[in-house]
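S.K.: One structure, as structure tokens, below. Some questions next.
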């Protein structure tokens, strides 16, 4: 009977094979141990062999492996700990401090990212890394295929979710996915966005979703996310499910408001369940040691990145906590997927001085903001207060600007219910406006500060920098111009988005 190894065992086996290949002739003991481990696949024997291998061989690992796992040259592996579906590296630092670093939660069998756009009537080839048994592809238009590399020609433009998995009999296990925008020549330039929202928490999220849907941007998907499970007065552990339901509700209202006259069915976004709880900061304090939690939403972000053309990266637009995007960043590191040329991020959150003061979104997962800020990915932070709050609905004059349809009626109703005050901030709307403004080269960002995100030891403060950075704090915006674009879009007059000059 063929032994079915768990993910961590496969990962270990592939790592050992790599060491044996790169160190021929000097690992006789290692070869013997590997043979024992494979001949006697019981967990006891594999673990014993693993421990011996770790102590006997890990010291000889090339520096490149340590660097890939975020370890510096004064750190030494002392053991590799294998769990059911996880691999940890124990490191001994030069100062005598021992730490346990998260290395991987699975071997990676993933779709290779595309290198250019996909056009109707033109063949595209999908490839995979790794060696899943009997790789099976579902190409999003009803077509299936088999093999490590498959070619396909799409006849209709639209969004397609390509899924690669392993199929044994009637059992299919999804391993990787890509969200691909199939273009005509006229749409190659359009901004592509992935919305990410705690939709039921407030009323600005619903405005943000409607704005995106009725814009001329490609909305590849919409992720739900928690808004602080500790907030028992706001749904507690049920938050993510509630937020997911509100996204579905806004999509339904938009359809009833003639959305399909603007956005055809094959350009409608899918909705993905996201993180139900904040990230947990590791005891080491090193962001790279953070253990990611995979969800539909984190995979959707990676899928959008794999399907993106590097000359048109996807904008990921979190307007709740940064949990989904931070998880995706950590999972991408495990996979070896470089996100820097494939996505850009705009987060609505943070206060004037730091992540988690005067910011509901920042309070709900400050560590995820820190992780995102350390990743090297282009990261724009549109401050919740005071920047986002400056884009405000004046109910004395603005309620008549909503369209007379199901979506418009709902947005008016929740605006009145939420607050009796004459003005209500529409924070999240500014994030969608920013993508429009940047595409057109408009001066809607009137004060931007190059910065870095400090960690918990510095109270998650912003630090202004003079050197090169990937983090930008947006302190002031042209709120009136952004609000005007929002209402025009909702009323069926979205801003045209020609090719960027």
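S.K.: Here are the criteria: (1) touching a residue at least 60 places away in the same chain (Cβ under 8 Å); (2) not in a strand (DSSP E or B). Tell me which single one residue 380 does not satisfy.
M.R.: The number of the failed condition is (2).
S.K.: When the residues of region 412-429 are filtered to those that are touching a strand residue (DSSP E or B) at 6+ places or on another chain (Cβ under 8 Å) and crowded, with 16+ Cβ neighbours inside 10 Å, which remaining residue is nearest to residue 377 (Cα to Cα)?
M.R.: 428
S.K.: So residue 243 clears everything in (1) loosely packed, with under 15 Cβ neighbours inside 10 Å; (2) in contact with a strand residue (DSSP E or B) (Cβ under 7 Å, 6 or more places away or on another chain); (3) under 22 Å from residue 322 (Cβ atoms) except one condition, right? Which one?
M.R.: Only one criterion is unmet by residue 243, namely (1).
S.K.: Exactly one condition in (1) touching a strand residue (DSSP E or B) at 6+ places or on another chain (Cβ under 9 Å); (2) surrounded by 17 or more Cβ atoms within 10 Å (Cβ to Cβ); (3) over 30 Å from residue 178 (Cα atoms) is not met by residue 394; state its number.
M.R.: If we test residue 394 against (1) touching a strand residue (DSSP E or B) at 6+ places or on another chain (Cβ under 9 Å); (2) surrounded by 17 or more Cβ atoms within 10 Å (Cβ to Cβ); (3) over 30 Å from residue 178 (Cα atoms), just (2) comes out false.
S.K.: Can you tell me which condition residue 313 does not meet? The list is (1) within 22 Å of residue 426 (Cβ to Cβ); (2) in contact with a strand residue (DSSP E or B) (Cβ under 7 Å, 6 or more places away or on another chain), and all the others hold.
M.R.: The one condition residue 313 does not meet is (1).
S.K.: Can residue 362 be described as within 30 Å of residue 465 (Cβ to Cβ), out of contact with any helix residue (DSSP H, G or I) (no Cβ under 6 Å at 6 or more places or on another chain) and either modelled with pLDDT under 95 or crowded, with 19+ Cβ neighbours inside 10 Å (or both)?
M.R.: For residue 362, the condition - within 30 Å of residue 465 (Cβ to Cβ), out of contact with any helix residue (DSSP H, G or I) (no Cβ under 6 Å at 6 or more places or on another chain) and either modelled with pLDDT under 95 or crowded, with 19+ Cβ neighbours inside 10 Å (or both) - is met.
S.K.: Another question, if that's okay. If the requirement is being in contact (Cβ under 8 Å) with a residue 24 or more places away in the chain and more than 27 Å from residue 246 (Cα to Cα), which of these qualifies: 189, 207?
M.R.: One residue alone meets the criteria, 189.
S.K.: Given the residues 250, 222, which is the only one that is closer than 28 Å to residue 398 by Cβ and under 20 Å from the mean Cα position of the chain (by Cα)?
M.R.: 222
S.K.: Could I ask something else about it? Hey, can you tell me all the residues within region 430-447 that are surrounded by 15 or more Cβ atoms within 10 Å (Cβ to Cβ) and in contact with a strand residue (DSSP E or B) (Cβ under 9 Å, 6 or more places away or on another chain)?
M.R.: 430, 431, 432, 433, 434, 435, 437, 438, 444, 445
S.K.: Picking from 304, 308, 326, which residue would you name as being touching a helix residue (DSSP H, G or I) at 6+ places or on another chain (Cβ under 7 Å) and under 27 Å from residue 373 (Cβ atoms)?
M.R.: Answer to the check: 326.
Residues are listed down the side, and each one gets a yes or a no for (1) assigned to a loop (DSSP other than H, G, I, E, B); (2) at negative phi; (3) in the same structural domain as residue 300 (by TED's automatic domain parsing); (4) out of contact with any helix residue (DSSP H, G or I) (no Cβ under 6 Å at 6 or more places or on another chain):
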site: 248; (1), (2), (3), (4): no, yes, yes, yes
site: 253; (1), (2), (3), (4): no, yes, yes, no
site: 257; (1), (2), (3), (4): yes, yes, yes, no
site: 276; (1), (2), (3), (4): yes, yes, yes, no
site: 279; (1), (2), (3), (4): yes, yes, yes, no
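S.K.: Here's something else I'd like to know. Scan 180, 124 and give me the residue that is closer than 19 Å to residue 316 by Cα and either surrounded by fewer than 12 Cβ atoms within 10 Å (Cβ to Cβ) or in contact with a strand residue (DSSP E or B) (Cβ under 7 Å, 6 or more places away or on another chain) (or both). If you could, list the steps in order and put the result at the bottom.
M.R.: Numbers: 124 fails: closer than 19 Å to residue 316 by Cα.
Exactly one residue qualifies, and that residue is 180.
S.K.: For region 368-388, what are the residues that are surrounded by fewer than 18 Cβ atoms within 10 Å (Cβ to Cβ) and closer than 30 Å to residue 487 by Cβ?
M.R.: Across region 368-388, the qualifying residue is only 386.
S.K.: State all residues of region 329-349 that are over 21 Å from residue 367 (Cα atoms) and in contact with a helix residue (DSSP H, G or I) (Cβ under 7 Å, 6 or more places away or on another chain); if no residue qualifies, say none.
M.R.: Selection gives 337, 342.
S.K.: Count, please, the residues in region 137-156 that happen to be surrounded by 17 or more Cβ atoms within 10 Å (Cβ to Cβ) and modelled with pLDDT under 95.
M.R.: Qualifying residue count for the region: 0.
S.K.: Of the residues in region 468-482, how many are over 27 Å from the mean Cα position of the chain (by Cα) and either part of a loop (DSSP other than H, G, I, E, B) or surrounded by fewer than 21 Cβ atoms within 10 Å (Cβ to Cβ) (or both)?
M.R.: Residues meeting the conditions: 3.
S.K.: Looking only at region 290-301, how many residues end up being in contact (Cβ under 8 Å) with a residue 40 or more places away in the chain and either touching a helix residue (DSSP H, G or I) at 6+ places or on another chain (Cβ under 7 Å) or closer than 30 Å to residue 499 by Cα (or both)?
M.R.: Residues in region 290-301 being in contact (Cβ under 8 Å) with a residue 40 or more places away in the chain and either touching a helix residue (DSSP H, G or I) at 6+ places or on another chain (Cβ under 7 Å) or closer than 30 Å to residue 499 by Cα (or both): 7 in total.
S.K.: For region 183-205, give me the residue count where each residue is buried (at least 24 other Cβ atoms within 10 Å of the Cβ) and part of a helix (DSSP H, G or I).
M.R.: 2
S.K.: Is one or more of the residues making up region 281-288 on the phi > 0 side of the Ramachandran plot and either in contact with a helix residue (DSSP H, G or I) (Cβ under 6 Å, 6 or more places away or on another chain) or touching a residue at least 60 places away in the same chain (Cβ under 8 Å) (or both)? Spell out how you get there, then give the answer.
M.R.: So in region 281-288, the residues on the phi > 0 side of the Ramachandran plot come out as 285.
Next, from what is left, pick out any that are either in contact with a helix residue (DSSP H, G or I) (Cβ under 6 Å, 6 or more places away or on another chain) or touching a residue at least 60 places away in the same chain (Cβ under 8 Å) (or both): 285.
For region 281-288, residues on the phi > 0 side of the Ramachandran plot and either in contact with a helix residue (DSSP H, G or I) (Cβ under 6 Å, 6 or more places away or on another chain) or touching a residue at least 60 places away in the same chain (Cβ under 8 Å) (or both): present.
The values are calculated or read from the model by the stated rules, or taken from the named source; none is laboratory data. No experiment lies behind these values; they were computed from the predicted model shown. So basically every Cβ, Gly included, is an ideal-geometry build from the backbone, and we count neighbours across all protein chains shown.
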